[in-house]
Amino acid sequence: MNTDTGRRVAAEFFGTFWLVFGGCGAAVLAAGFPGLGIAFLGVSLAFGLTVLTMAYAVGHVSGGHFNPAVTLGLWAAGRCANYHVIPYIVAQVVAAIAASAVLYVIASSHAGWVPGGFASNGYGDLSPGKYGLGGCFLMEVVMTFFFLFIIIGTTSKGAAVGLAGIPIGLALTLIHLVSIPVTNTSVNPARSTGPALFAGGEYIGQLWLFWLAPILGAVIAGLLSRWLQEPVTGDA
């Protein structure tokens with residue numbers, strides 16, 4: 001691994017760690033705190049803020065993916081080199097697991113704490129609102145599609161320079177506001193994998209959806225955006 005790739009992978013690791021620790025940490029530690037819990041709105045803001053802050057901290061190093069679906073969507077759009085795809089995804093998944101491990105150690109230090117779902121994603125009985133497989137799959141495809149559509153559009157030539165982190169962070173906040181009741185919001189296979197490994201059981205068995213649906217939505221967005229963002233030639 002050359003120096004440039006090493007820096008990029010490190011940036012993806014720290015960015016993904018912060019996303020999972022901050023977002024899932026808000027859900028596990030703060031959402032239900034008696035009398036002062038931050039609830040769905042707070043968790044949604046937490047996820048959006050993690051992406052916003054890390055986009056500016058390390059986005060200039062790696063592109064600020066922090067998500068295997070984003071990496072594959074940008075690859076489909078012609079915006080991520082082939083040789084970055086696997087190292088990025090490995091770093092993202094390892095970071096998500098590491099962040100979940102740290103969060104688990106902190107949360108388990110509370111007397112009487114039980115992990116429960118541990119901010120994992122799920123469908124059917126594991127869905128916060130008990131939504132079925134089809135609805136959960138469609139939600140993840142649609143939400144990831146628009147997340148990538150926004151990422152690609154706001155980072156394309158002609159977009160406002162240096163401001164992409166704001167709409168991207170706000171988009172992730174909005175995505176969570178809509179979809180937490182349905183799937184507990186993934187749009188990110190790494191984010192889903194880390195907590196599920198600690199929740200165990202059926203949560204691990206349902207991980208397939210939270211890899212397949214986000215990647216499908218992201219790749220569709222990448223291919224569509226590749227056409228939509230092509231420079232226009234000839235008369236307007």
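The values are calculated or read from the model by the stated rules, or taken from the named source; none is laboratory data. Not measured: the values here are computed from a predicted model. Glycine gets a Cβ as well: all are built from the backbone with ideal geometry, and neighbour counts include every protein chain shown. Accessible surface areas use protein heavy atoms only, side chains included; no ligands, DNA or RNA. Shrake-Rupley method; radii C 1.70, N 1.55, O 1.52, S 1.80 Å.
In region 119-136, what residues are of a type in the set (Phe, Trp, Tyr) and either touching a residue at least 60 places away in the same chain (Cβ under 8 Å) or open to solvent by less than 40 Å² (accessible area, probe 1.4 Å) (or both)? Within region 119-136, 123 is the sole residue that qualifies. For region 100-118, a tally of residues being β-branched (Val, Ile, Thr) and open to solvent by less than 70 Å² (accessible area, probe 1.4 Å) returns 1. Among the residues examined, residue 213 does not qualify as closer than 24 Å to residue 54 by Cα and aliphatic (A, V, I, L, M). The set of residues in region 54-80 that are in contact (Cβ under 8 Å) with a residue 40 or more places away in the chain and of a type in the set (Val, Ile, Thr) comprises 58, 61, 70.
The residue of region 206-235 that is modelled with the lowest pLDDT, among those that are out of contact with any Lys or Arg (no Cβ under 9 Å at 6 or more places or on another chain), over 22 Å from residue 96 (Cβ atoms) and assigned to a loop (DSSP other than H, G, I, E, B), is 235.
In the set (1) touching a Phe, Trp or Tyr at 6+ places or on another chain (Cβ under 8 Å); (2) modelled with pLDDT of 95 or more, residue 61 fails one condition alone, (1).
With 97, 150, 89 as the choices, which residue is surrounded by 15 or more Cβ atoms within 10 Å (Cβ to Cβ), in contact (Cβ under 8 Å) with a residue 12 or more places away in the chain and more than 17 Å from residue 189 (Cβ to Cβ)?
150
Within region 179-206, the residues that satisfy the criterion of being surrounded by 24 or more Cβ atoms within 10 Å (Cβ to Cβ) and among the aliphatic types (A, V, I, L, M) are 187, 190, 196.
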